[in-house]
Each structure stands twice: as structure tokens, then as C-alpha cells.
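Visitor: Quick one: the structure is below, questions incoming.
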Amino acid sequence: MSHGSLTLPARLSLLAWDTARPPAGGAAHPAGPVRAGALVDLARRGLLTDEDGIATPADMDSRSGDAALDGLLVLVHESCPHPWRTWVTLRARVTADAVREQLVAGGYLRAEKRRVLGVFPSVEYELERAAAVKVLREETREALLGPLPAAGLAERDAAVAVLADAADLLGVSAGERRVGELTERAGASVPGLERIVREVRAAVAATVPVPASL
């Protein structure tokens, strides 16, 4: 992809903006998938490790240099131990808000201050770099559906694809075999990471509303 400077949670936050449709309320804000991306990103960097299913800081003093990721790292360190699935939703808005502010600073989003009922201050967000997000969505959809074998993808791209699929951010769905191959690719170079990706993916999928039957 051409978005190498973006963290995994930043990519997932942007993927929630469907450039083919008007934004609902001007603020795409998928807290669960963004948090899942942050957990995987920290695990990829060796800053979070798996201890019997518990997300555990590898080193109390190490940091990633990214404010949103480091904020999550501190939160995990200062909280009671929790499994990976719990961290996908536990205070997930904290991470999602931090990532969104980074995207504003990076020029991907625009923040507009408004007043509700003319009195209460509010901030709404609009997509500023629609062309870049469109490319990101197209590339992620291609990674998810093929035809390039999963082994030929970058591990970060594979991770984004399986999490976006779990959150239904792209409007398409890959088969179980393809998702399995992508998950394996996402954790290829870090011991234990494939299991972590599977755990957080399952937690994300559990947060997606089931369409009401007719």
C-alpha cells in the first residue's frame, strides 16, 4: 500500500469513511476496530505480549512514539489484567478519539466546531482527503478478496484486511479460507501474533449488529 506512514488503527479509522456515500452525521467513529488495530500494532512492535491469553506490556518503559498507541500501552499497564478480547471494547473510545485527532492533524479529516441548538458546543468531523481514503479502501478490498495470494501481501496489509472484514467496513466479505490465510500472514513474523489477531478479530465481529430479518 501507499499508506505506510499510517498506523493500523489510523487505517481502520479511515476505512470507516465510505467515499461513495455521504457520511452519516459527518463522523465515522468505529471504536472497536480502531482499538483492535492498536492492539495488533502494539503486539507487532513487541510492546504488548500474550501471557496466558492476557495482554501484557513487555516493558514498562518502552514506547512506540505514537501518541494513540502509547496511550493504550499506558492504559493497559495501569489497569487490571484483561484478555485481548476485553480490550477491544474496554474504554475503546479513548483510543478512537486519539486516532481521530491524529488524522485531523495529518490533514485526513477536518474538525468543525458547531453549537447544538445554538448553545452547546460540539465538534463534527468531515473527510478532507477523500481521494486517499478511496485508494485505501480499494487496496484493502483487493487484499481481502485477492487475486494476490496472501503470502504476497505485506503483513500489515493482511492485518488491516481481516479486521476491516470483521467490522464490515468494506461492504464485502471474504470466505473463511481467505480470511484464515490472511490471518496467518498477518502474524507470520511475530510469535503468537496470529492467535492475537484471531482473538481481536472475533471480538470485533461480535460487535457488528446483525441485520434484522424481514
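Visitor: His77: accessible area at probe 1.4 Å, nearest 10 Å²?
Guide: 90
Visitor: Shifting gears a bit: Relative to the Cα centre, what is the charge dipole magnitude of the chain, using +1 at the beta carbon of each Lys and Arg, -1 at the beta carbon of each Asp and Glu, and rounding to the nearest 20 debye?
Guide: Value, rounded to 20: 580 debye.
Visitor: Please list, in chain and number order, the residues 5+ apart from His82 or on another chain whose amide H is under 5 Å from its amide H, with Hs placed from the backbone.
Guide: Distant-sequence amide H within range of His82: Ala55.
Visitor: Next up: Find the all-direction average of the projected area of the Cα convex hull for the chain, expressing the result in square nanometres with one decimal place.
Guide: 13.6
Visitor: Binning every alpha carbon pair distance of the stretch 73-162 at 5 Å from zero, what are the percents per bin?
Guide: Bin by bin from 0 Å, the calculated values are 3, 10, 13, 14, 16, 17, 15, 8, 3, 1, 1.
Visitor: Given the DSSP H assignment, sum -39500 (n - 2.57) over each helix run of at least 4 residues in the chain and divide by its residue total; what's the result at 222 nm in deg cm²/dmol, nearest 500?
Guide: After summing the helix terms and dividing by residue count, I get -15500 deg cm²/dmol.
Visitor: Provide the per residue accessible area, probe 1.4 Å, for the chain, rounded to a whole number of square angstrom.
Guide: Working: 10650 Å² over 214 residues.
Per-residue value: 50 Å².
The values are calculated or read from the model by the stated rules, or taken from the named source; none is laboratory data. Just so it is clear, the structure is predicted and the values come from calculations on it, not from any experiment. Positions of Cβ are backbone-derived with ideal geometry, glycine not excepted, and every protein chain shown enters the neighbour counts. SASA here: full protein model, heavy atoms, side chains in, ligands and nucleic acids out. Shrake-Rupley method; radii C 1.70, N 1.55, O 1.52, S 1.80 Å.
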